[in-house]
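What follows is one structure encoded as structure tokens, with my remarks underneath.
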Amino acid sequence: MSAKDYLEKDYYSILGVSKDVDDATLKKKYRKLARELHPDTNKEKGAEDKFKAVSEAYDVLSDPKKRTEYDQMRTYGASAGGFNGGGFDPRNMQGQSGFNVNLEDVLGGFNLGDLFGGGGTRRQQRARRGSDLETEVSISFNECLEGTTIPLTLRGQTTCNTCKGSGAKPGTNPKKCSACNGSGQTMRNAGGFGFADTCSVCYGTGRIIEQKDSNCNGTGIVNETRTITARIPAGIKSNSKLRLKGKGEPGGRGGEAGDLILNVIVKEDEIFERDGDNVRITVPVRYDEAVFGAQIAVPVPSGTTVTLKIPAGTQNGRAFRVKNEGMTKTIGGKGDLLVKVEVAVPQNMSGKAKDLLREFATEVTHDNPRAEIIALNARRKR
């Protein structure tokens, strides 16, 4: 981001947060806005520009160093009394005798010529790392179980493929600036004070591009839509973050690209429920199976079934554990399948079945299954 961006853009307002917002609230607010404005889901006019603005604001405010620089720059700029070329120029600040002051270094490399609007040639920053980008992807329960590779379509700036980010015409290379010996700065003395100025020949880049690449006009960056693939490992937990190195915003003037951070959301399944590395399932059993015992087929996440032995007299809600049939672990192996049985009450019974059930009811001991909780409740009133 340039100093001009920092002055003109109120990132706090863009995200709808206060200046003293904490990291957790900031992150929550960003995710909400990113989901609402993401171009893949929001086709309204202007949504993509708003999404980019929100991402840019979060990139600055979520980074402690960038946020400090941003806050200082807005406060410092606001007190400078205007930026139209006249008056105050912080580059002319004087230190004690023999002390060399480069305020652009103090402020983290910001272009003070742009910031305070002084006359002269526009300055350019030296090679810089691109910003990290963050996006959200959703995968199914099955994709989480086995791992998957998904395509991602990214819109925005990317490194020029022709010059590979150097800005120079293919077959040529930028040359070291002879005026500053590649440092991007020249020194001058005035009245016993030393000052560091941005080199007026290379404009602070430390190099000269004699033949610019026509594809990017020497910037090393182009705007395009690109598709990349991301490998999602098996067993990943929902809301986990994956970092794809070098897939974020391209660096400036040949600097390395930032990273792409994926926030992975695992969708809920219709049958199974994840519990850490284990998986839970509720399986209905017939009344006779619960009474006499049975061997039943139980679905497992892999799409097959296993045979589970239900002992005689199994009570409703009893849980069974099937080893190594749960979620794939990121460190290898699998968790367990936790099976909860639910006794199903028959809905459609024949007359004969009802008669047999009534006969059964007269033969069994009439213990009241609710007697214990009734007694406990009665004791509470004493």
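None of the figures in this text is laboratory data; all of them are computed from the coordinates on show. Since the structure is predicted, the reported quantities are computational estimates derived from the model, not experimental observations. Glycine also receives a Cβ, built like all others from the backbone with ideal geometry; neighbour counts cover every protein chain displayed.
Structure data summary
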quantity	calculated
Positions within the stretch 308-364 being closer than 30 Å to Gly235 by Cβ, assigned to a strand (DSSP E or B), touching a helix residue (DSSP H, G or I) at 6+ places or on another chain (Cβ under 8 Å) and not polar (S, T, N, Q), in sequence order	Ile310, Val341
Filtered residues of the stretch 13-51 (kept if hydroxyl-bearing (Ser, Thr, Tyr) and either surrounded by 13 or more Cβ atoms within 10 Å (Cβ to Cβ) or more than 24 Å from Thr225 (Cβ to Cβ) (or both))	Ser13, Ser18, Thr25, Tyr30
Residue satisfying condition, being in contact (Cβ under 8 Å) with a residue 24 or more places away in the chain, among the hydroxyl-bearing types (Ser, Thr, Tyr) and either surrounded by 15 or more Cβ atoms within 10 Å (Cβ to Cβ) or out of contact with any helix residue (DSSP H, G or I) (no Cβ under 6 Å at 6 or more places or on another chain) (or both), within set Thr153, Thr186	Thr153
Checking Met349 against (1) among the hydrophobic types (A, V, I, L, M, F, W, C); (2) surrounded by fewer than 17 Cβ atoms within 10 Å (Cβ to Cβ); (3) under 35 Å from the mean Cα position of the chain (by Cα), the condition it does not meet	(3)
Selection from the stretch 42-67 of residues that are assigned to a helix (DSSP H, G or I) and under 15 Å from Gly258 (Cα atoms)	Ser55, Glu56, Tyr58, Asp59, Val60, Lys66
Pairs where the first residue, in the stretch 220-243, is in contact (Cβ under 8 Å) with a residue 60 or more places away in the chain and closer than 17 Å to Leu260 by Cα and the second is basic (Lys, Arg) and not in a strand (DSSP E or B), C-beta under 7 Å, 6+ apart	Ile228/Lys247
Members of the stretch 219-242 found to be over 16 Å from the mean Cα position of the chain (by Cα), part of a strand (DSSP E or B) and crowded, with 17+ Cβ neighbours inside 10 Å, listed by number	Ile221, Val222
